[in-house]
Amino acid sequence: MEVSFSKEVQSLRLGAGDTFHGEGILAITKGLLQSGVAYVGGYQGAPVSHLLDVMVQGKAYMQELGVHVEACSNEASAAAMLGASIHYPLRGAVTWKSIVGTNVAADALSNLSSPGVTGGVLVVVGEDYGEGASVIQERTQAYALKSSMCLLDPRPDLGVMVRMVEEGFQLSEASAMPCLMELRIRTCHVRGSFACKDNVSPAVSTRALMAEPAGFDYMRLAHPPVTFRHEKLKGDQRIPAARRFIVEHALNELMPGDPHAELADLGIVVQGGLYNALVRSLQQHGLADAFGDSQIPILVLNVTYPLVPEQVADFCIGKRGVLVVEEGQPEYIEQEIATLLRRRDIPTPLHGKDVLPAAGEYTVEVLTQGLAGFLDLRPLPLGEGGREGSARAWLDGNRTRREAVAKLLATPLPNRPPSFCIGCPERPVFSALKLAQQDTGPVHIAADIGCHAFGTFEPFSMGHSILGYGMGLASRAGVSPMMQRRSLAIMGDGGFWHNGLLTGVQSALFNGDDAVLLIFKNGYTSATGTQDIISTPSDAAKDRAVDKSRSVVDQNQTIESTLKGLGIGWMRTVTTYDVAAMRKTLTDAFTSDFMGLKVIIAEGECQLERQRRIKPWIAGLLQRGERVVRVKYGVDEDVCNGDHACIRLSGCPTLTIKDNPDPLKVDPVAVVIDGCVGCGLCGANAHAATLCPSFYRAEVVQNAKWHERLLHGLRSAIVNALRPAEPPVPSPSGRGLG
Ligand code: SF4
Ligand code: SF4
């Protein structure tokens, strides 16, 4: 990974007397070190990648503290790492993207939760929900409920978030329950400050080793018959202990509001992570001031599981109505509160999903609308207060503006789907796949998670299913035996190591499946932030490359040797930018007599990472006055026939259109704008698909040699001599200038 987090690593070193300024997720990382965490692991994914990225780059400092950092191969291995805390007084933290990561980790989490933990355990999950999310919309809460793990959902305030990390470890130790901490996208990126404490070196660490392993204790195994006892312990001891801790340490916050306010007899119970949006919507209603002080009392659940029934009941008793603000579905918290109120015969009217939407992010606008509904149902005894007028006017104004915009747009704006980076090595493969299917007919394509999922968008629109990270090959197992044509499964190198090797390749080989697997070998887990994997070329290999601008992924053959070791009988490696070769290889794989798994390694370094790697190198060459050649592609506008087949076959953002310079032609011509990284796809496509010959390849030479300058001067002189004289410029009246 070429991105540097050195500034972030420095901020982890802050101590007592210092003030931390920055993003929420980095504050959480600092909180882990202040808590004496002994080991940290995880699998990268937005919005929590930063935690692990910074820890991995800060390994030297972690070693000073004695903290072990492990970049795990997937979330299951990260969760299994927490087994260290079952016997030993080791505090451990792992992180991943949820819900998908928690799904992968679920087996180990169940087996951890059953025996319970000795050292505190904190699982920091990025709750990738709502606007900007990139995964299935489900809730992590379900896992906390089913496995009896505490679930922290801290109020997005850096001081509170760090306190919840510190107290989260203690809560885990007090209850023997692992703690999950869910952080929504906005919480991870909220900025602020907090007063630091010194980092704590763990008592047992990589610098202070244990002399002996723990004694044998069958109760610590997730194995019958003790699993039956574990289940009882959860209800009889662990959850009550967690509830005591939550109350004694005031983990949930009561914002009493103004006791003299007209609406002080209402109440709101909110998930901690939604607090900021709730306060902003109360402000829209004129029910909170600029400092966030609300007129309606609020119970902020920084711990959403387990709830403390007495705490919630005390809050609700005597209120004219209580609103539960709980994002997503199903409404676990609201249902639990309804049950606990009913069991205590508390008649307080309860609202939640009756006025708020069941699905989707609770933005300020959504909450303002929901609050309006709540206040409609629970108006002041003498009628509606004038305060809400401003919120309703704001909501009406938003609606009116949207309607006006919709009217102005006679035809809707075209979608702008996300796409591969400029020069991405994966784009050419989809061009080749388009062409190969012209030869063979359409095939079933089992897509996967990763940058290559951009191939599901225009202009390619390829992929019949996405079943999970690394699951492409496994997900075609039921399809390929039913198809006349061979199926294609796609996988990235990240997905291959995450899961695909075992769930897909091993299974296909074991069952003798006849299918085609295409592995994108770009060298990194690019979609999650270009983190390194076992098949990433080493720094030494990158340095060894004579031409440092060329792709270096061929320097690591771990994928190929692994597949060979497993017994793959048909394997081809193709450079992704060679569209004609890739087309031929795909066609061969679809039509080969070889019955079994055929693997195509599509080799090409992630362009984003390549550019990060070569830009400083080029800058160095230029600074030293050395010769630098930059390749650029272009379109000869006089030759372009305007049918745009090249664009339909590529989708590169720098290959676009402009007005036709020929006044007699109306169709726009193709143009390559600045930003082209000269990946060569334009030329390769033109060749493989026999497009019109309008593309040209140019070399921009900086710090050219003397003979190049001389040659350039000669060529320019000849071209100028051959150029016809400029026609006379017509005068405004249409007559030539004399
Ligand atoms: S990050 Fe790399 S692999 Fe992903 S789209 Fe960009 S260039 Fe392609
Ligand atoms: S050569 Fe073509 S596909 Fe490659 S970066 Fe340039 S415009 Fe994009």
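The table for this structure:
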{"item": "Checklist (1) polar (S, T, N, Q); (2) farther than 15 Å from V599 by Cβ; (3) in contact with a strand residue (DSSP E or B) (Cβ under 7 Å, 6 or more places away or on another chain) applied to S487, failing item", "result": "(2)"}
{"item": "Hits in the range 595-626 (condition: small (G, A, S), more than 18 Å from G529 (Cα to Cα) and buried (at least 23 other Cβ atoms within 10 Å of the Cβ))", "result": "A602"}
{"item": "Of all residues making up the range 581-610, the number that are farther than 19 Å from V443 by Cβ and assigned to a helix (DSSP H, G or I)", "result": "4"}
{"item": "Helices (runs of 4 or more DSSP H) within the range 136-197 that include 1 or more residues within 20 Å of the chain's Cα centre (by Cα)", "result": "141-147, 185-189"}
{"item": "Options V666, V701, V677; residue that is aliphatic (A, V, I, L, M), more than 16 Å from ligand 1 (Cβ to nearest atom) and surrounded by 13 or more Cβ atoms within 10 Å (Cβ to Cβ)", "result": "V701"}
{"item": "Matching entry among F460, F454 (being within 16 Å of ligand 2 (Cβ to nearest atom), in contact with a Ser or Thr (Cβ under 7 Å, 6 or more places away or on another chain) and either outside any loop (DSSP other than H, G, I, E, B) or modelled with pLDDT of 95 or more (or both))", "result": "F454"}
{"item": "Members of the range 263-282 found to be part of a helix (DSSP H, G or I) and either at pLDDT below 95 or among the hydrophobic types (A, V, I, L, M, F, W, C) (or both), listed by number", "result": "L274, A277, L278, V279, L282"}
{"item": "Count of the range 604-656 residues which are of a type in the set (S, T, Y) and either over 26 Å from M582 (Cβ atoms) or within 16 Å of ligand 1 (Cβ to nearest atom) (or both)", "result": "2"}
{"item": "Qualifying residues in the range 554-577 (those that are touching a strand residue (DSSP E or B) at 6+ places or on another chain (Cβ under 8 Å) and among the polar types (S, T, N, Q)) - the one surrounded by the fewest Cβ atoms within 10 Å (Cβ to Cβ)", "result": "T573"}
{"item": "The one condition in (1) under 22 Å from N103 (Cα atoms); (2) hydrophobic (A, V, I, L, M, F, W, C); (3) within 16 Å of ligand 1 (Cβ to nearest atom) that A477 fails to fulfil", "result": "(3)"}
{"item": "Residue within the range 633-641 that is closer than 20 Å to F420 by Cα and within 16 Å of ligand 2 (Cβ to nearest atom) present", "result": "yes"}
{"item": "Residue in the range 65-75 that is at pLDDT 95 or above, buried (at least 24 other Cβ atoms within 10 Å of the Cβ) and not charged (D, E, K, R) present", "result": "yes"}
{"item": "Meets criteria (crowded, with 21+ Cβ neighbours inside 10 Å and in contact with a helix residue (DSSP H, G or I) (Cβ under 7 Å, 6 or more places away or on another chain)) for V322", "result": "yes"}
{"item": "Residues that are among the aliphatic types (A, V, I, L, M) and free of Cβ contacts under 8 Å to residues at least 24 places away in the same chain, drawn from the range 472-517", "result": "M482, L502"}
{"item": "Single match in L90, L32, L52 (criterion: within 18 Å of N111 (Cα to Cα) and not small (G, A, S))", "result": "L90"}
{"item": "Test result for A489, under 26 Å from C676 (Cβ atoms) and more than 16 Å from ligand 1 (Cβ to nearest atom)", "result": "no"}
{"item": "Any hit, the range 668-677, residues being away from ligand 2 (no atom under 11 Å from the Cβ) and farther than 21 Å from R697 by Cβ", "result": "yes"}
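Results for (1) closer than 20 Å to L180 by Cβ; (2) in contact with a Pro (Cβ under 6 Å, 6 or more places away or on another chain); (3) of a type in the set (F, W, Y), shown as yes or no for each residue.
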| position | (1), (2), (3) |
| --- | --- |
| S11 | no, no, no |
| G42 | yes, no, no |
| H50 | yes, no, no |
| M55 | yes, no, no |
| Q63 | no, no, no |
| I86 | yes, yes, no |
| S98 | yes, no, no |
| A105 | yes, no, no |
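The values are calculated or read from the model by the stated rules, or taken from the named source; none is laboratory data. Please read these numbers as outputs of a predicted model, since none were measured by experiment. Please note: Cβ atoms are built from the backbone with ideal geometry, for glycine as well, and neighbour counts cover all protein chains shown.
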